[in-house]
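The values are calculated or read from the model by the stated rules, or taken from the named source; none is laboratory data. This structure is a prediction, so every number in the text was calculated from the model and none was measured. As a convention, Cβ positions derive from the backbone with ideal geometry for all residues, glycine included, and neighbour counts pool all protein chains shown. When the accessible area is computed, the model is the full protein with side chains, heavy atoms only, and any ligands, DNA or RNA have been set aside. Shrake-Rupley method; radii C 1.70, N 1.55, O 1.52, S 1.80 Å.
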2 protein chains.
Amino acid sequence: MGISISKATKEQSKAHNQSLVLRVIYSEGQISRADVARITGLTRPTVSSAVAELIADGLVAETGVGPSLGGKPPILLNVVDDCRYLIGVDLAESEFRGALVNLRGQIKTRLSLPIHDQDGEAALTLVHRLIDRLIAASDRPILGIGIGTPGLMDAHRNVVRHAVNLDWRNLSLGDLLEARYRMPVYIANDCQVAALAEMAFGCGKELSHLLLVKVGRGIGAGVVINRHIYYGDGFGAGEIGHVVVRPDGDQCRCGNRGCLETLASSRALVRRAQAIYDQQPDTPLRQVAASADELSTGALLKAFEMGDKNIRLLVREASLYLGQVLAVLAGALDINRIVIAGSLSRFGDALTVPIRQQIQQSILPTLDHKVLVEVSQLGQDIVILGAAALLLSQELGLS
Amino acid sequence: MGISISKATKEQSKAHNQSLVLRVIYSEGQISRADVARITGLTRPTVSSAVAELIADGLVAETGVGPSLGGKPPILLNVVDDCRYLIGVDLAESEFRGALVNLRGQIKTRLSLPIHDQDGEAALTLVHRLIDRLIAASDRPILGIGIGTPGLMDAHRNVVRHAVNLDWRNLSLGDLLEARYRMPVYIANDCQVAALAEMAFGCGKELSHLLLVKVGRGIGAGVVINRHIYYGDGFGAGEIGHVVVRPDGDQCRCGNRGCLETLASSRALVRRAQAIYDQQPDTPLRQVAASADELSTGALLKAFEMGDKNIRLLVREASLYLGQVLAVLAGALDINRIVIAGSLSRFGDALTVPIRQQIQQSILPTLDHKVLVEVSQLGQDIVILGAAALLLSQELGLS
């Protein structure tokens, strides 16, 4: 019946206060106990006792003294950024990537293992190998493991419902990894955690809501509402790649025709570039690849940077389709920040400006002027960082 | 920095427990103190003292005895549904409506005042008159006032940013009414509160998320996420009426062309019916209105019920446009329940079935099969009930 049952016991209240104090020290940095008390509304003794425990846990340290306001100069507190490492894992299509990440989202060690058609059990073994190596590489206590995976995840039960490429169906990945590593494990869809990365370590630090769109071989979005991943009724929130944009369009792997993915993914872009490869003899495109078959997103990007107008037009076309779908979302959700990640985000303004234009033309004039469309600055690490951010928010309440 | 600063003091903890106990009694009904303790996890003495206060406040009463489980038969508790009345107000386009509503969403007294071109100060006077009369009609203490209004509302500051028809701009309606009536006032956009009505008193009692679409003279949606109204960055969430669906379409009052409102609102439907009125001499449409100028949504509905095929086609066409926009939302938000309200909802299946079909054809097959599109059962009272639900959830935590 939608009731949130909770109880304010002494222990919970203590844990709650400690978490609150940690959050304030994390977000403010260099702060005195008196200021923590002022911001949280907790009493000085409560703050002091919470801080004492956080120092004993190694999470917080006294890192200096502030200016005196008459009496004794106050001791300043800070979170110890490297006191714990987070394991962030990105089960990407072509390789499994992982990293040790500190509490500020700084990557300390990066690892990647190529996938050679492994799926099922073999893919799981590859996940083990990646995490084993990261644990071996760490010289700090590890807080836990965060994972971003393509496909449909039940993020509450940590079960992979369906990941096509890995041939996983209803795999209790979370339970398996917790049993093996004896540490907390959190898993969510790759686009959903990417949105969280942007919130925690990217451009979203001051925002309440954000829409992240990952445009690569597939297209998916992550919706962050009130600084939390919004999963939807069946964990499928963000599935915009298979919204039909042109009912008379190409057949999609999902069974429908003219899905956004068939029009604006990197695969669609490469296919379109292949179709025009032979049309003009003297284009940058012809210089970067010896034949249409050799074209890739990287080649298209190179040709684009060399000024290939055809590629610019193809990117623009893809953007307008993206904009068409994003306009409905921007209008219906009144979300002012749209961040683009994934391999196509490397086209920068050529991608974002037409998206912005399309939104401008498609929603209520009073809403549209605030919508900002930009490229993520987190690059290829975005899913790793998002997985780490998921762990950080779930375990320490930090985001 | 997205930190929710809160403090678990004794008083807050007491208020929290009392509210928790009230919520459980409200949702369960006929429940013993022991069962309340079991469900909430609170101790028996804490529950007893919270119940004593709720009984003293008149909110809860002992209403019977349950079956004995060996010892003394337990006394059963219930919320006193009529202990307070809620004032719910709908500032609709053609008239201002209001009602006294009990804690279960039952309407006790209904009032409406026609608008004769009043706007600005005169419209505010009309609001006063409506509320004055409702207060005079009440024989119970009044909990407060909830208002649903068309236009853009700042629901946190209770300020009407812009309501075109009433010519209100940045009107501190909440402050003005709180000063006049000395009771709590909550205001939100009419479609947003309508969604809340569905959640509290309609089909959404067991749901987490819901999308309500009001299709009348205008088109707007209310998005409920985790049982709360989702407002968006600028309180504009749900503004789907001005999403452009046909860039080459008719001019809209908002300045753009081919907005959803120009294609699927009651105005659009009437306009289209007018255009075909003269085409066939022997249709039900010709029987219900003596000329094209006399057509209204009511006349169209009558003709439709008499089996007018042209009207059925027009409704179908409008539905497909609605479905096109709703498919993007259903796909991106993974919301399984879409409820249609407003005057066009009276077309029932003729409206909802094509919407459902359009969604089915337009989103990922694994997502679509769970999406249910249905007509609201709350009828014309939906905004009044939503305004009451907003008040109820804000003041008593009940929803």
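A few points about this structure:
- For residues of A:239-250, the mean tally of beta carbons on other chains within 10 Å: 4
- For the peptides A:92-105, A:164-177, residues were scored by their other Cβ atoms within 10 Å and the scores averaged per peptide; the highest-first order is A:92-105, A:164-177.
- Cβ-Cβ FRET estimate between B:ALA136 and A:GLU62, R0 fixed at 56 Å, reported to 0.05: 0.30
- For region A:235-273, trypsin sites (Lys or Arg not before Pro) meeting the loop criterion (DSSP other than H, G, I, E, B) and having at most 12 other Cβ atoms within 10 Å: A:ARG253.
- Shape category assigned to the protein assembly as shown from the gyration tensor of Cα positions, a/c cut at 1.5: oblate
- Ordering A:LEU301, B:ALA388, A:ILE75 by the projection of their Cα atoms onto the charge dipole of the protein assembly as shown, which places +1 on the Cβ of Lys and Arg and -1 on the Cβ of Asp and Glu, puts A:ILE75 at the extreme positive end.
- FRET efficiency, 1/(1 + (r/R0)^6) with R0 56 Å, evaluated for B:ARG104 and A:LYS108 via beta carbons: 0.45
- Once divided by 2.2 N^0.38 Å, the Cα radius of gyration of region B:42-146 becomes 1.55.
- Overall dimensions of region A:88-238 as given by Cα atoms, namely Rg and Dmax in Å: 14.9, 41
- Summed over both chains, the area buried between B and A is near 4900 Å², taken from the accessible surface of protein heavy atoms with a 1.4 Å probe.
- Each Lys and Arg Cβ is given +1 and each Asp and Glu Cβ -1; about its Cα centre, region A:333-386 then shows a dipole of about 40 debye.
- In terms of the mean number of neighbouring beta-carbon atoms within 10 Å, the peptides B:114-123, A:149-158 order highest first as A:149-158, B:114-123.
- Helix B:266-276 and the longest principal axis of the C-alpha atoms of chain B enclose an angle of approximately 20°.
- Each Lys or Arg adds one and each Asp or Glu takes one away; over the other residues whose Cβ falls under 15 Å from the Cβ of B:GLY151, this sums to -3.
- 15 Å beta-carbon shell around A:ASP293, net charge (K/R +1, D/E -1): +2
- Shown for region A:18-67: the carbon plus sulfur share of the solvent-accessible area, taken with all protein chains present and a 1.4 angstrom probe, equals 53%.
- Mean-square fluctuations from a GNM of chain A, with a 10 angstrom spring cutoff on Cα atoms, peak among A:LYS214, A:LYS72, A:LYS302 at A:LYS72.
- Legend: distances between Cα atoms for A:LYS205/B:LYS205; B:LYS302/B:LYS370; A:LYS14/B:LYS14; A:LYS214/A:LYS370; B:LYS108/B:LYS205; A:LYS214/A:LYS309; pairs beyond 26 Å are A:LYS205/B:LYS205; B:LYS302/B:LYS370.
- For region B:317-336, heavy-atom accessible area (probe 1.4 Å) falls by no less than 20 Å² from the chain alone to the full protein assembly at B:VAL328, B:LEU329, B:GLY331, B:ALA332, B:LEU333, B:ASP334, B:ASN336.
- Averaged over B:224-237, number of beta-carbon atoms from partner chains that fall within 10 Å: 6
- Per-residue mean of foreign Cβ neighbours for B:259-266 is 1 (Cβ atoms of other chains, 10 Å radius).
- Interface residues, region B:186-219 - accessible area loss of 50 Å² or more versus chain alone, probe 1.4 Å: B:HIS209
- Per residue, region A:243-319 exposes 51 Å² of accessible surface when a 1.4 Å probe is rolled over the protein heavy atoms with every protein chain present.
- Tensor-based shape of region A:273-399 (alpha-carbon gyration tensor, a/c under 1.5 rounded, otherwise prolate or oblate): oblate
- With the highest mean first, a sort of the peptides B:224-231, A:237-244, B:19-26 on other beta-carbon atoms found within 10 angstrom per residue produces A:237-244, B:19-26, B:224-231.
- Three principal axis lengths of chain A [C-alpha, angstrom, descending]: 78, 52, 49
- Prolate/oblate/rounded label for region B:342-399 (Cα gyration tensor, a/c 1.5): oblate
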